[in-house]
Amino acid sequence: MNDVPPSAETPHAKRSQAPVWMLWANPIVRRYARSRLRPRGLGIWMLLTLMVAGFIFFLARQIGIHQANLGIEDSERMAILPLLVLQGVILFILATGQVAAAMTAEADEGVLDYQRLAPMTPFAKVMGFLFGLPIREYLLFLVTMPFTIWCLWRGNVPLSISLQLYGVFLVAAILYHCTGLVAGTVVKNRRWAFIISMGLIFLLYTVIPQAANFGLVYFKYLTI
């Protein structure tokens, strides 16, 4: 007698949902933030990333100054590409593999079936998994950015070029995370999901852009 019909609950549930762009209010993102950003594990990963990024930064600068006899600006710029490679490893490889393997694990544990009953739009759920699963890798990427910002500033790299470079970089990362999301949803084995996602990234990043040499110019935008 006291049960409320589902049709009466739906409008209220829709009104209570936060906008999709408010990722910090997404329940799925908040769930993975609590599980993957625990202080002990996160601190170790941040320390390792900081040490590697610092080593690359100072090594590249010293090589430019003392061995290549470059000027200050050129020496500062030398560390940009090595840091970009490190950031690519974090976002393109580690984060994509995490998305693919975690989606397979979520399907095995029945979490995806439970999420179908959650009062959220499908797009909000996809955004939650897309940005929630690799949330630690996004934070590790931010740890490396102070070194890059220093190099761009001291190297007098124009702001427009810097924004274009990292705009394409982040869009490519989201594209690869979507690839991992699809692979993890379709493939039932974690190991195969990781391998397939890495294979798809290799095709997207190295093989398919070569089609630009045969007149299909738009394929070159799949890679930086």
Can you give me the relative contact order of the chain as a percent, contacts being Cα pairs under 8 Å and 6 or more apart?
26 percent
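Can you put Ile149, Ile135, Ile93 in order of accessible area, largest first, using a 1.4 Å probe? Present the calculation step by step, with values, prior to reporting the outcome.
Details: Ile149 100, Ile135 35, Ile93 75 Å².
Per-residue accessible area, sorted high to low, gives Ile149, Ile93, Ile135.
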Candidate residues Glu109, Glu137: accessible-area rank, largest first, probe 1.4 Å:
Glu109, Glu137
Fully extended, how many nm does the chain gain between Trp150 and Lys220 (0.36 nm per residue separation, minus their Cα-Cα distance)?
22.3 nm
Between Ala25 and His66, what length comes free when the chain is fully extended (0.36 nm per residue of separation minus the Cα-Cα distance, one decimal in nm)?
9.8 nm
Apply the Karplus curve 6.51 cos²θ - 1.76 cosθ + 1.60, θ = phi - 60°, to the phi angles in the stretch 58-65 and return the couplings in whole Hz, x for Gly and Pro.
6, 5, 4, 5, 5, 5, x, 7
In whole µm²/s, the translational diffusion coefficient that Stokes-Einstein assigns to the chain, given a Kirkwood hydrodynamic radius over C-alpha pairs, 37 °C and 0.692 mPa s, equals 165 µm²/s
Let me cross-check Val186: its accessible surface, 1.4 Å probe, with only protein heavy atoms counted, in Å² to the nearest 10?
100 Å²
Computed about the Cα centre, the charge dipole of the chain from +1 Lys/Arg and -1 Asp/Glu charges at the Cβ has a magnitude in debye, to the nearest 20, of 280 debye
For Arg77, the net charge from surrounding residues (Cβ-Cβ under 10 Å; K, R +1; D, E -1) works out to -1
Keeping all protein chains in the complex and leaving out DNA, RNA and ligands, what accessible area do you get for Met198 with a 1.4 Å probe, in Å² to the nearest 10?
40 Å²
³J(HN,Hα), Karplus 6.51/-1.76/1.60, whole Hz, each residue of the stretch 66-82, x for Gly, Pro:
9, 10, 8, 6, 8, x, 4, 4, 5, 5, 5, 6, 4, 7, 5, 5, x
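Which sequence of Lys220, Lys188 reflects their accessible areas, 1.4 Å probe, from the largest down? Each step should come with its number before you reach the end.
On the way: Lys220 95, Lys188 145 Å².
Descending accessible area places them as Lys188, Lys220.
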For the chain, whose charge dipole is built from +1 on Lys and Arg Cβ atoms and -1 on Asp and Glu Cβ atoms, the candidate among Phe147, Gln164, Ala101 with its Cα farthest towards the positive end is Ala101
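The values are calculated or read from the model by the stated rules, or taken from the named source; none is laboratory data. Quick caveat: nothing in here was measured; it's all calculated off a predicted structure. Positions of Cβ are backbone-derived with ideal geometry, glycine not excepted, and every protein chain shown enters the neighbour counts. Surface areas here come from the heavy atoms of the whole protein model, side chains and all, with no ligands, DNA or RNA. Shrake-Rupley method; radii C 1.70, N 1.55, O 1.52, S 1.80 Å.
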